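**Q** Provided herewith is a single structure, encoded as structure tokens, for subsequent inquiry.
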Amino acid sequence: MADFPIEELARRAGMTVRTVRTYITRGLLPPAGRAGRAARYTGDHLDRLDLVNGLRRRGFSLGAIEVLVAQDTERTAEDALRLYRGMLAPWQPEEPVEVDEAELPGRLGLTPAAVSAHELLRHLDEAGVVEAAGPGRLRILAPDLARAAAEAVRLGIPPAALVGLRRRLDDHTGAVAEMFVELFARQVWDDYVDAGLPAGDAPRIQQTVEQLQPVATLALLSSFRSRMQDVMDAFITRISDDISPEAGRAM
């Protein structure tokens, strides 16, 4: 396995040498190898830095990460850290994808007859859902939103209106997400912490997080359907009044 000095480790990790030394001091990296008196690092150290930095970007403090590394001497730090990174995996948004421009309608589930590729591209570009990625290539920034926007085009709804609605929805669904996270914290996580973060319970915790997504989705969809029915009933009453003979005579 290739090894390299701390300066190269820092460069590959996109960090300063000073920050890497801080991580070493706090025990967040395994001991370095030696070549004479010089410390040498390998891809394993780089992987550890990737795990630690990924957790830091997700809001974990260095103190919290230290606890994860030190909590169980029989379990590697990578196992401990991957558990917590794995807890985030079910909630990751779809990664941007690149496609040939001609493939765009098919990629979004539309037949060429539904809408022209040029029209679809114009709408999605104006809505900020796609961007150029080179000659004849496009980058779909949010594939799930792009699919919804494509369907909106087919229905005659400008994607920009849908994207604007998505931003408003984010405000409301953010509050819903906080409710489910708080439920998980009270019912599962707090007991796990009180028990001292036992390694044997780690698979159960990760499985609970993974299963929380479909539970939350079904609960939210059920609530939305119920509220949508109420709103549609009110809408039908309104349009019935609009088209009733009495309304026509009043005009």
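**Q** Just to be sure before I move on: is Leu220 on the phi > 0 side of the Ramachandran plot and in contact with a helix residue (DSSP H, G or I) (Cβ under 8 Å, 6 or more places away or on another chain) in the structure I sent? Lay out the reasoning, then the answer.
**A** On the way: on the phi > 0 side of the Ramachandran plot: no; in contact with a helix residue (DSSP H, G or I) (Cβ under 8 Å, 6 or more places away or on another chain): yes.
Against the criterion (on the phi > 0 side of the Ramachandran plot and in contact with a helix residue (DSSP H, G or I) (Cβ under 8 Å, 6 or more places away or on another chain)), Leu220 does not qualify.
**Q** Can you name every residue in the range 13-34 that is surrounded by 15 or more Cβ atoms within 10 Å (Cβ to Cβ) and farther than 13 Å from Arg56 by Cβ?
**A** Val20, Ile24, Leu29, Pro30, Ala32 - these are the residues of the range 13-34 that are surrounded by 15 or more Cβ atoms within 10 Å (Cβ to Cβ) and farther than 13 Å from Arg56 by Cβ.
**Q** Now for a separate question. Look at Ala142 and say whether it is among the aliphatic types (A, V, I, L, M), under 30 Å from Val67 (Cα atoms) and not assigned by TED's automatic domain parsing to the domain that holds Val67.
**A** Values: among the aliphatic types (A, V, I, L, M): yes; under 30 Å from Val67 (Cα atoms): no; not assigned by TED's automatic domain parsing to the domain that holds Val67: yes.
For Ala142, the condition - among the aliphatic types (A, V, I, L, M), under 30 Å from Val67 (Cα atoms) and not assigned by TED's automatic domain parsing to the domain that holds Val67 - is not met.
**Q** Considering only residues that are of a type in the set (Asp, Glu) and either modelled with pLDDT under 85 or surrounded by 17 or more Cβ atoms within 10 Å (Cβ to Cβ) (or both), look in the range 141-189 and name the one that is nearest to Leu218 (Cα to Cα).
**A** Taking the range 141-189 as the starting set, the residues that turn out to be of a type in the set (Asp, Glu) are 144, 151, 170-171, 178, 182.
Subsequent filtering for residues that are either modelled with pLDDT under 85 or surrounded by 17 or more Cβ atoms within 10 Å (Cβ to Cβ) (or both) retains 151, 170-171.
Values: Glu151: 22, Asp170: 18, Asp171: 19 Å.
That would be Asp170.
**Q** Answer yes or no as to whether Gln206 is over 30 Å from Glu126 (Cα atoms) and in contact with a Gly (Cβ under 9 Å, 6 or more places away or on another chain). Give the derivation first.
**A** Working: over 30 Å from Glu126 (Cα atoms): yes; in contact with a Gly (Cβ under 9 Å, 6 or more places away or on another chain): yes.
In short, yes.
**Q** If I ask for residues that are over 23 Å from Ile65 (Cα atoms) and modelled with pLDDT of 90 or more, which ones from the range 8-39 would you list?
**A** Across the range 8-39, the qualifying residue is only Glu8.
**Q** Suppose we filter Ala114, Ala77, Ala133, Ala70 for residues that are at negative phi, outside the structural domain of Thr173 (by TED's automatic domain parsing) and modelled with pLDDT of 80 or more; which single one remains? Reasoning before the result, please.
**A** Values: Ala114 fails: modelled with pLDDT of 80 or more; Ala77 fails: modelled with pLDDT of 80 or more; Ala70 fails: modelled with pLDDT of 80 or more.
Just a single option satisfies the conditions, and that option is Ala133.
For (1) more than 30 Å from Gln187 (Cα to Cα); (2) among the aliphatic types (A, V, I, L, M); (3) in a helix (DSSP H, G or I), each residue gets a yes or a no:
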site: Gln207; (1), (2), (3): no, no, yes
site: Leu212; (1), (2), (3): no, yes, yes
site: Arg225; (1), (2), (3): no, no, yes
site: Met232; (1), (2), (3): yes, yes, yes
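**Q** Step by step: first the residues of the range 90-107, then only those that are in contact with an Asp or Glu (Cβ under 8 Å, 6 or more places away or on another chain) and not charged (D, E, K, R), then the one that is modelled with the highest pLDDT. Which residue is that? Give the derivation first.
**A** Pass one, the range 90-107, residues in contact with an Asp or Glu (Cβ under 8 Å, 6 or more places away or on another chain): 90, 93-94.
If we keep only those that are not charged (D, E, K, R) too, we end up with 90, 93.
Details: Pro90: 68, Pro93: 75.
Taking the candidates together, the pick is Pro93.
The values are calculated or read from the model by the stated rules, or taken from the named source; none is laboratory data. Everything numeric in this text was worked out from a predicted model, so none of it was measured. Heads up, the Cβs are rebuilt from the backbone with ideal geometry, glycines too, and the neighbour counts pull from every protein chain shown.
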